[in-house]
Amino acid sequence: MMNYIAINRQAWNSKTDAHIKSDFYDVEGFLKGKSSLNEIELNLLGNIQGKSILHLQCHFGQDSISLNRLGAEVTGVDLSDIAIDQANKLTKDANAHARFICSDIYALPDNLDEQFDIVYTSYGVIGWLPDLDKWAQVISKFLKPNGQLVFVEFHPFVWMYDKDFREIAYRYFNSGAIVESESGTYADKTADIAPTTIAWNHSLSEVFNSLINNGLTISSFDEYDYSPYNCFDNTIEYEPGKYRIAHLGDKIPMVYAITAFKKQDNNQ
């Protein structure tokens, strides 16, 4: 198989440069105190004052810093070295306190040896991973006994569609790597980049079973008929900060959220 880690790292390095400058991420507003967290994950996280949080696939650190602003001790992880460099810079500019590690998720046990109250990961993350069982192993390893996973992700239903949401173009279930090249990026569709990416579709059953098989107990599961991000084509903002596909309206799920806790007797 192609070296998906190197290819995706290069893609996210090029995306990060574009994202830092984009209105989508609004770094200027963020540095003035705007939170990057949405209502969905804030409700699931609750009071995180004094909690230790491992933030997987943190991009250039806005959510990590937002979690720190709420009183948590945060460690962010991402495979993009440019994203981690920018996360460290943003932390300093924001006068925040967050630690960042550049690592592929599967290699994280080689780069970190501690456990956390919460593992947090959100929006466009698991599609970059070929093996969810290994993903769940990592989550379980880094959670304290009774520690909590808070996971918010785009619904696998949306990844079945073509770019315009007119036809079913991809299989719902994981049938192997999806290699694509596309100009621009979701945060700036006019950006002068054309990265190649390698991704995988993951069904809900694959997600649930990976967590259950690695010692986590599901405590909540919710689905939402909107995206808090305007990152798809043909969208309409039907309420402030809530986007749907214009011609599909509220007919499809766009986001789902899972909370789970690690069993005390789990030895992984």
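The values are calculated or read from the model by the stated rules, or taken from the named source; none is laboratory data. Bear in mind that the values here come from a model prediction, so they are computed numbers and not experimental data. Neighbour counts run over all protein chains shown; Cβ positions are idealised from the backbone, glycine included. The protein model used for the area step is the full one, side chains on, heavy atoms only, and it has no ligands, DNA or RNA in it. Shrake-Rupley method; radii C 1.70, N 1.55, O 1.52, S 1.80 Å.
Observations on the structure shown:
- Only a single item in (1) free of Cβ contacts under 8 Å to residues at least 60 places away in the same chain; (2) closer than 28 Å to residue 136 by Cβ; (3) open to solvent by less than 50 Å² (accessible area, probe 1.4 Å) is not met by residue 29, and it is number (2).
- Members of segment 107-124 that are farther than 19 Å from residue 262 by Cβ and either open to solvent by less than 50 Å² (accessible area, probe 1.4 Å) or in contact with a Gly (Cβ under 7 Å, 6 or more places away or on another chain) (or both): 107, 123, 124
- Residue among 83, 98 that is crowded, with 20+ Cβ neighbours inside 10 Å, more than 30 Å from residue 175 (Cα to Cα) and not polar (S, T, N, Q): 98
- Strands (runs of 3 or more DSSP E) fully within segment 160-266 counting 2 or more residues that are over 28 Å from residue 115 (Cα atoms): 178-181, 196-199, 216-224, 235-239, 242-245
- Filtered by the rule that a residue be among the polar types (S, T, N, Q) and within 20 Å of the chain's Cα centre (by Cα), segment 94-110 gives a lone residue, 103.
- With respect to (1) open to solvent by 40 Å² or more (accessible area, probe 1.4 Å); (2) charged (D, E, K, R); (3) under 27 Å from residue 16 (Cβ atoms); (4) in contact with a strand residue (DSSP E or B) (Cβ under 9 Å, 6 or more places away or on another chain), the lone exception for residue 192 is condition (4).
- Only one of the numbered conditions (1) among the β-branched types (Val, Ile, Thr); (2) closer than 22 Å to residue 177 by Cα; (3) within 13 Å of the chain's Cα centre (by Cα) is violated by residue 119, and that is (2).
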